[in-house]
Amino acid sequence: EASSVAGIGEVRSLESVYLSNNNLKGTLPAELMQLSNLKRLSASFNGLSGELPDEFEILSNLEYLALHDNEFSGTIPLSISKMNRLQFLLIQANEFEGNIPGGINLLSELRYIDLSDQRSDTGLTGKIPNLATLKHLKRVDLSKNRLNGSIPLDFLNLLPLSMLEMLDASNNLL
């Protein structure tokens with residue numbers, strides 16, 4: 001149970017919390033939102049479910065967020081786009097649906113984003129946001145969703161000048 005980490009919010013000095021592969025169930029512990037010094041949070045490969053909290057901007061020092069291979073649902077909270085130090089956003093293999101938040105292009109330090117394989121009925125839908133402003137971006141995986149339209153032209157025009165190594169938009173509706 002996610003309640004097995006009760007009290008973790010009292011350790012305000014924590015910079016890294018790794019809870020992966022623990023068979024945790026329930027929602028993401030709200031106490032984690034009290035850890036304002038947190039730089040790395042990994043709770044992947046569990047059975048965590050429900051919606052992600054809207055208060056993610058509280059974790060303004062977060063650089064690494066790995067919540068992949070769980071059962072999180074709903075939409076990706078817009079508050080993630082306010083985490084301006086975030087470098088790794090790994091939330092693939094969940095049950096998110098709806099659009100990718102437009103503010104994702106404000107994550108100026110982002111290096112790796114993986115939103116692939118959303119297992120809800122619809123997965124992620126809508127258009128691929130323009131990520132041309134993300135100069136440090138190396139890897140983008142948006143595969144196995146229901147994204148439509150085309151890859152933004154501004155983004156494609158910047159590819160020769162960027163650091164991008166991998167773009168996977170396969171298995172969508174482009």
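Here, each number is a calculation from the coordinates, and none is a lab measurement. These numbers were taken from a predicted model, which means no experiment stands behind them. Note that we place each Cβ from the backbone using ideal geometry, even for glycine, and neighbour counts take in every protein chain shown.
Test of understanding: what is the full-extension gain from residue 127 to residue 60, defined as 0.36 nm times their sequence separation minus their Cα-Cα distance? Let's see the in-between values first.
Details: separation 67, 0.36 × 67 = 24.12 nm, distance 2.70 nm.
Difference between extended and current length: 21.4 nm.
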* Go through the range 116-131 residue by residue and turn each phi into a ³J(HN,Hα) via Karplus (6.51, -1.76, 1.60, θ = phi - 60°); whole Hz please, and just put x for glycine and proline. => 6, 6, 7, 9, 6, 4, 10, x, 7, 10, x, 8, 6, x, 6, 9
* residue 20 long-range amide H proximity, modeled H, under 5 Å -> 44
* Rh (Kirkwood; distinct C-alpha pairs) - the range 55-117, Å -> 11.7 Å
* Structure fact -> Amide H contacts under 5 Å for residue 167, restricted to residues at least 5 apart in sequence or on another chain and with H modeled in the peptide plane, are 140
* Value of relative contact order over the range 94-174, rounded to a whole percent, pairs C-alpha under 8 Å and six or more apart -> 31 percent
* Residues in the range 119-144, backbone N under 17 Å from the label point at residue 150 (7 Å along the Cα-to-beta-carbon vector): list them, ranges by number please. => 127-132
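With 27 Å as the limit, write out which pairs from 25/138; 39/127; 82/127; 39/138; 25/127 have Cα-Cα distances beyond it, or answer none.
Details: 25/138 32 Å; 39/127 30 Å; 82/127 21 Å; 39/138 20 Å; 25/127 32 Å.
Violating the 27 Å Cα-Cα cut-off are 25/138; 39/127; 25/127.
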* Asked: Under the Karplus relation 6.51 cos²θ - 1.76 cosθ + 1.60, θ = phi - 60°, what is the ordered set of whole-Hz ³J(HN,Hα) values for the range 132-147, x standing for Gly and Pro?
  -> 4, 7, 8, 5, 9, 4, 10, 9, 10, 10, 10, 5, 6, 9, 10, 5
* Could you calculate the FRET efficiency of residue 25 with residue 109 from 1/(1 + (r/R0)^6), where r is the beta carbon distance between them and R0 is 22 Å, rounded to 0.05? => 0.10
* Asked: Taking 0.36 nm per intervening residue step and subtracting the Cα-Cα distance, what contour gain separates residue 4 from residue 136 on full extension?
  -> 43.8 nm
* **Interchain or long-range residues, amide H under 5 Å from residue 120's placed H** => 96
* Structure fact -> Options [x] 36.9, 126; [y] 15.8, 49; [z] 19.8, 69 are given for Rg and Dmax of the Cα atoms in Å, and the computed one is [y]
* To do: With θ set to phi - 60°, apply the Karplus curve 6.51 cos²θ - 1.76 cosθ + 1.60 along the range 32-47 and write out the HN-Hα couplings as whole Hz, x wherever there is a Gly or Pro.
  => 4, 6, 8, 8, 5, 8, 4, 10, 9, 10, 10, 9, 7, 6, 10, x
* Using the alpha-carbon centroid of each, what span in Å lies between the range 21-98 and the range 134-153? -> 20 Å
* Relative contact order for the range 1-150, counting Cα pairs under 8 Å that sit 6 or more residues apart, in percent -> 16 percent
